[in-house]
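Novice: For reference, the structure I am asking about is given below.
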Amino acid sequence: MNFEDFSFDPEDDFDAQGGSRQPGERRDRDEVFSLPIMKKAKDIYQITRALVELIDEEKDEFMTRQFMLENASLLASKIAGAEGGNLYSLRMENAVIIKLNARELLTQTSVLLMEENVNKEYVDLLRQAIEEFRLLFIDWVSTFDKGNDIPDGWGNLFG
């Protein structure tokens, strides 16, 4: 997966006079990829990718390799999805998915240790990156504008 392939419509980030975006409006591609949380998500993916390469496929009884890569890759894509729109409920939906994937990835590090497939130092490196991501996530979610939302017919889940 190449994280540089996400596409955004830059015209959505400027008003008719070419002014910069207003609070709550979509961010452009470069701005999204420069966010600290996005950079950390990319770091987590790279660490995870290197870590799963160390796992012997024949000893991977729980398909840990596959699930770890899936969880790690969804972090950045869901951040991009949350930043691609400006509605509070859509951003929160993506945030919930991000949280769940990060927590599952953390749980999978315990499976790695249980299966004794990789060195604990490598697992600790990924765990530290996830903890740093968690702190960035808290800050990032606090920037979501609750007032910028519309009813979607599914009820007010994040009221």
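The values are calculated or read from the model by the stated rules, or taken from the named source; none is laboratory data. Keep in mind that what you see is a predicted model, and the values were worked out from it rather than measured. Glycine gets a Cβ as well: all are built from the backbone with ideal geometry, and neighbour counts include every protein chain shown.
Novice: Pick out the one residue from GLU83, GLU61 that is in contact (Cβ under 8 Å) with a residue 12 or more places away in the chain, charged (D, E, K, R) and in contact with a helix residue (DSSP H, G or I) (Cβ under 6 Å, 6 or more places away or on another chain).
Specialist: Values: GLU61 fails: in contact with a helix residue (DSSP H, G or I) (Cβ under 6 Å, 6 or more places away or on another chain).
The match here is GLU83.
Novice: In the stretch 132-156, which residues are within 20 Å of the chain's Cα centre (by Cα) and surrounded by 14 or more Cβ atoms within 10 Å (Cβ to Cβ)?
Specialist: Result: GLU132, PHE133, ARG134, LEU136, PHE137, TRP140, VAL141, PHE144.
Novice: Could you say whether any residue in the stretch 36-50 is out of contact with any Cys (no Cβ under 9 Å at 6 or more places or on another chain) and modelled with pLDDT under 95?
Specialist: no
Novice: Which residue is surrounded by the most Cβ atoms within 10 Å (Cβ to Cβ), if the candidates are limited to the stretch 57-74 and must be charged (D, E, K, R) and at pLDDT below 95?
Specialist: Just the residues of the stretch 57-74 that are charged (D, E, K, R), to begin with: 57-61, 65, 70.
With at pLDDT below 95 added as a condition, the list becomes 57-61, 65.
Values: GLU57: 10, GLU58: 6, LYS59: 10, ASP60: 18, GLU61: 9, ARG65: 21.
Checking each candidate, the answer is ARG65.
Novice: Here is a further query. Report whether or not SER77 is polar (S, T, N, Q), under 21 Å from ASP30 (Cα atoms) and surrounded by 15 or more Cβ atoms within 10 Å (Cβ to Cβ). Quick ask: steps written out before the conclusion?
Specialist: Working: polar (S, T, N, Q): yes; under 21 Å from ASP30 (Cα atoms): yes; surrounded by 15 or more Cβ atoms within 10 Å (Cβ to Cβ): yes.
Spelling it out, SER77 is indeed polar (S, T, N, Q), under 21 Å from ASP30 (Cα atoms) and surrounded by 15 or more Cβ atoms within 10 Å (Cβ to Cβ).
Novice: I'd like to know if the stretch 109-124 contains one or more residues that are on the phi > 0 side of the Ramachandran plot and either modelled with pLDDT under 95 or exposed (fewer than 13 other Cβ atoms within 10 Å of the Cβ) (or both). Spell out the reasoning first.
Specialist: The initial filter retains those residues of the stretch 109-124 that are on the phi > 0 side of the Ramachandran plot, namely 116.
Imposing the further condition that a residue be either modelled with pLDDT under 95 or exposed (fewer than 13 other Cβ atoms within 10 Å of the Cβ) (or both) reduces the set to 116.
Yes, there is a match, as at least one residue in the stretch 109-124 is on the phi > 0 side of the Ramachandran plot and either modelled with pLDDT under 95 or exposed (fewer than 13 other Cβ atoms within 10 Å of the Cβ) (or both).
Novice: Exactly one condition in (1) at pLDDT 90 or above; (2) surrounded by 17 or more Cβ atoms within 10 Å (Cβ to Cβ) is not met by PHE6; state its number.
Specialist: Result: PHE6 fails condition (1) only.
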